[in-house]
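The values are calculated or read from the model by the stated rules, or taken from the named source; none is laboratory data. Source: prediction; values computed, not measured. Note that each Cβ is placed from the backbone with ideal geometry, even for glycine, and that neighbours are counted across all protein chains shown. For accessibility, only protein heavy atoms count, side chains too; no ligands or nucleic acids. Shrake-Rupley method; radii C 1.70, N 1.55, O 1.52, S 1.80 Å.
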Amino acid sequence: MPKMSNASRHLVATNLEFYELRVYTLKNEQQQKLVTDYFENAAIPALNRLGINNIGVFTELKPIGQTNIYVLIPYNSWDDVLNLQNSLPGEAEYLKKAAPYLNAPATEPAYERIESSLLRAFKHMPKVQAPAKNPRIFELRRYEHASESAGLKKLEMFNDAGEIDIFKRLGFNPVFFGETLIGGLRPNLTYMVTFDDMAAHDSHWKSFGGDPEWKKLSAIPDYADAKLVSHITSTFLTPAACSQI
């Protein structure tokens, strides 16, 4: 039996999920329907059969023009990430249901482009936590860092210094936290929180800013946002009918 590398041992030992975050750029409602139908009828059932669950499919809450579609695919292990591309092409049921999407002609493509990032879950929240299926909005937040060392320090702040615990205690219902391993605008981390509506969003963030534990944590010089976060992108999303999150 071949020896497992130190890196592979680490990936197995940590038992952290990996996340593929896809963004589909679309130009019209026909493409939006093709992509959402693909996930509802083909991709999500096939992924579920492979043991991959809690797949999120989202549209923008207030798009400028045609919405993008955001897809979150959690993988149980690094092996699942590597094996997926080999598994789906051999699934007859998947290929049948996915045909309108997979075989869309170049003159009428199913989408304009797909941008994908590969993320690794934070050790303090190693698995996706799907919220209750009530009407709600989701906020996807990306923190970009000026350097890799700043990114590692922000990870420390979330994992070891208690920032994730503040989110949970204040009722942000976090869905996932992920460190971007492969993707654009690195170094960065991305996470998702959820609220009943925009009023609840505003109220929760106001509470966060005034929370004594957050004030104490953010006052530590090494954890100052000015040192660790160079840019924040916030995207508000709503789940598609087929979304499992």
Quiz prompt | Point-charge dipole on Cβ atoms (K/R +1, D/E -1) for the chain, about Cα centre, debye to 20 | solution = 260
Practice problem: Please name which of 228, 199, 158 has its Cα lying farthest along the dipole of region 146-245 towards the positive end, using unit charges on Cβ (Lys, Arg +1; Asp, Glu -1) and the Cα centre as origin. | Solution: 228
Quiz prompt | Mean separation of Cα contacts under 8 Å (6+ apart) over length of region 143-241, as relative contact order % | solution = 40
Quiz item: Which order, highest average first, do 171-183, 139-151 follow once you tally other Cβ atoms within 10 Å for each residue and take the mean per peptide?
Solution: 171-183, 139-151
Quiz prompt | Of 26, 209, 77, farthest towards positive along the dipole that unit charges on Lys, Arg, Asp, Glu beta carbons give the chain | solution = 77
Self-check item: Protection proxy ranking of 157-163, 110-116, 206-212 - average other beta-carbon atoms within 10 Å, highest first
Solution: 157-163, 110-116, 206-212
Quiz item: What length, rounded to one decimal in nm, is gained on full extension from residue 215 through to residue 77, with 0.36 nm per residue of separation minus their alpha-carbon distance?
Solution: 46.1 nm
Practice problem: Under a 10 Å cutoff between Cα atoms, tell me which one of 47, 189, 102 has the largest fluctuation in the Gaussian network model of the chain. | Solution: 102
Practice problem: Give the accessible surface of region 116-168 per residue, rounded to a whole number of Å², with probe radius 1.4 Å and ligands, DNA and RNA excluded. | Solution: 43
Quiz prompt | region 95-245: equivalent-ellipsoid semi-axes (sqrt of 5 x gyration tensor eigenvalues, Cα, Å) | solution = 32, 20, 13
Quiz item: Using 0.36 nm per residue, how much length does the chain from residue 96 to residue 141 gain when fully extended, once their Cα-Cα distance is taken away?
Solution: 12.6 nm
Practice problem: Please give the length that would be gained between residue 66 and residue 234 if that part of the chain were fully extended, namely 0.36 nm times their separation in residues minus their C-alpha to C-alpha distance (nm, one decimal). | Solution: 58.7 nm
Practice problem: Collect residues whose amide H, placed 1.01 Å from N in the peptide plane, falls under 5 Å from the amide H of residue 16; neighbours closer than 5 in sequence don't count. | Solution: none
Self-check item: Mean separation of Cα contacts under 8 Å (6+ apart) over length of the chain, as relative contact order %
Solution: 27
Quiz item: Roughly what % of DSSP beta bridges within the chain run antiparallel, to the nearest 5?
Solution: 100
Self-check item: Highest average packing first - 125-132, 61-68, Cβ atoms within 10 Å
Solution: 125-132, 61-68
Exercise. For every helix of n ≥ 4 consecutive DSSP H residues, a contribution of -39,500 (n - 2.57) applies; sum these over the chain, divide by its total residues, and give [θ] at 222 nm rounded to the nearest 500 deg cm²/dmol.
Key: -10000 deg cm²/dmol
Self-check item: Reciprocal mean inverse distance between Cα atoms of region 174-245 - Kirkwood radius, Å
Solution: 14.8
